[in-house]
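Worksheet: one structure, shown below.
The values are calculated or read from the model by the stated rules, or taken from the named source; none is laboratory data. Small disclaimer: the values here were computed from a predicted structure and weren't measured. In this analysis, Cβ positions are derived from the backbone assuming ideal geometry, glycine residues included, and neighbour counts consider all displayed protein chains.
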Amino acid sequence: MKKILVIGAGGQLGTELTIKLRTIFGKDNVVASDIRDVNESIQDGPVEKLDAMDAKALREIVKKHQVEEVYHLAAILSAKGENNPRFAWDLNMNSLLNVLELGRESVKKIYWPSSIAVFGPDTPKDMTPQFTVMNPTTVYGISKVAGERWCAYYHHKYGVDVRSLRYPGLIGYKSLPGGGTTDYAVDIFSKALKGETFQCFLGADTELPMMYMEDAVRATIELMQADSSAIKVRSSYNIAAMSFAPRHIYDKIKTHFTDFQIKYEPDYRQEIADSWPNSIDDSAAQEQWNWQAKFDLEKMTEDILMNLRVGVVD
Ligand code: SER
């Protein structure tokens, strides 16, 4: 069985992806690494402390576990990145270059996430195409565009099998996001359950592309399992599932919690959200490796509330 390393396994996506990879490949074959302590739910297999900017430490872990496949998820997200732009750039870029270098050595396949943050105010907002004007305004977006070009470069120049998706906002209930502009769509569920008023940091009509975590994890694994010859885009694929604004998700949750209240208090994250697309054209992913989302806003809301009510999470 091949050995897999997840970098940033303590994060929102990393936690759920590690759980899923362990059910598929066996818990001993998936090494969870993070600079912080990881969630209890992934302490049932190998865990390593790792600062992904430390190339030597990374190489040692790859050697120790004879890692063949790396999922590199560690990054500073859009909102948090604006508080310390130079650090966000250093972390996001240097860690990616460290991982790509391993692709020239022993690692056979690499996954690295990009984001809708690669787009900017000059990008067509509706059904944003796979190939279009980008010009992002956040340091996170700049690092993702540059990262996409590095992935394509390592693939074409050195034959590294690196694959990537431009995630929309990811919504799950098993792990918390940190520092993103789309995080409100996760936080809103816990406030509804606690019976508290939700203070939304985006305006009511701010429409953004979003995706349920189950779809995101499945997309990631399907992309990694696709035949290499099917992967024509070596920068990063657009993928889509649903688009909504805060008032849409609020209305949906209110059908389950009729007293639920929301207050709109847009802050600096509004400008970031306004620079991103409303919806995404993911036809290249659909055509090339049969991507298809399963969850829309209604199905996702029902699934999350059902799971939270039965107490899957504290
Ligand atoms: N969800 C991320 C963020 O808001 C975008 O990739 O930063």
Residues of the range 35-53 that turn out to be in a loop (DSSP other than H, G, I, E, B), free of Cβ contacts under 8 Å to residues at least 24 places away in the same chain and under 12 Å from Ile7 (Cα atoms), as a count: 1
Matching entry among Ile280, Ile262, Ile231, Ile253 (being within 16 Å of the chain's Cα centre (by Cα) and in contact (Cβ under 8 Å) with a residue 24 or more places away in the chain): Ile280
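This table checks each residue for (1) within 18 Å of Val186 (Cα to Cα); (2) surrounded by 18 or more Cβ atoms within 10 Å (Cβ to Cβ); (3) acidic (Asp, Glu).
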residue: Ser235; (1), (2), (3): no, yes, no
residue: Ile239; (1), (2), (3): no, yes, no
residue: Ser243; (1), (2), (3): yes, yes, no
residue: Asp259; (1), (2), (3): no, no, yes
residue: Glu265; (1), (2), (3): yes, no, yes
residue: Arg269; (1), (2), (3): yes, yes, no
residue: Ser275; (1), (2), (3): no, yes, no
residue: Phe295; (1), (2), (3): yes, yes, no
Residue that is farthest from Glu207 (Cα to Cα), among those in the range 265-285 that are assigned to a loop (DSSP other than H, G, I, E, B) and in contact with a strand residue (DSSP E or B) (Cβ under 7 Å, 6 or more places away or on another chain): Asp282
Flag if Ala293 is among the small types (Gly, Ala, Ser) and assigned to a helix (DSSP H, G or I): no
Residue within the range 91-110 that is surrounded by 15 or more Cβ atoms within 10 Å (Cβ to Cβ) and without any contact (Cβ under 8 Å) to a residue 24 or more places away in the chain present: no
Tally of residues being buried (at least 16 other Cβ atoms within 10 Å of the Cβ) and not in a loop (DSSP other than H, G, I, E, B) across the range 198-220: 15
Residue match in the range 71-84 (condition: basic (Lys, Arg), within 16 Å of the ligand (Cβ to nearest atom) and either under 29 Å from Ile280 (Cβ atoms) or in a helix (DSSP H, G or I) (or both)): yes
Residue within the range 233-246 that is part of a helix (DSSP H, G or I), at pLDDT 95 or above and not aromatic (Phe, Trp, Tyr) present: yes
Some residue of the range 156-175 being among the charged types (D, E, K, R), away from the ligand (no atom under 13 Å from the Cβ), crowded, with 19+ Cβ neighbours inside 10 Å and not in a loop (DSSP other than H, G, I, E, B): yes
Some residue of the range 181-196 being under 30 Å from Arg86 (Cβ atoms), within 16 Å of the ligand (Cβ to nearest atom), in a loop (DSSP other than H, G, I, E, B) and of a type in the set (A, V, I, L, M, F, W, C): no
Test: residue in the range 86-106 that is part of a helix (DSSP H, G or I), in contact with a His (Cβ under 9 Å, 6 or more places away or on another chain), within 17 Å of Gly179 (Cβ to Cβ) and among the hydroxyl-bearing types (Ser, Thr, Tyr): yes
Candidate set: the range 126-155, residues that are part of a loop (DSSP other than H, G, I, E, B) and within 16 Å of the ligand (Cβ to nearest atom); chosen: the one surrounded by the fewest Cβ atoms within 10 Å (Cβ to Cβ): Met134
Asp187, sole failed condition from (1) under 24 Å from Lys263 (Cβ atoms); (2) more than 13 Å from the chain's Cα centre (by Cα); (3) crowded, with 24+ Cβ neighbours inside 10 Å: (3)
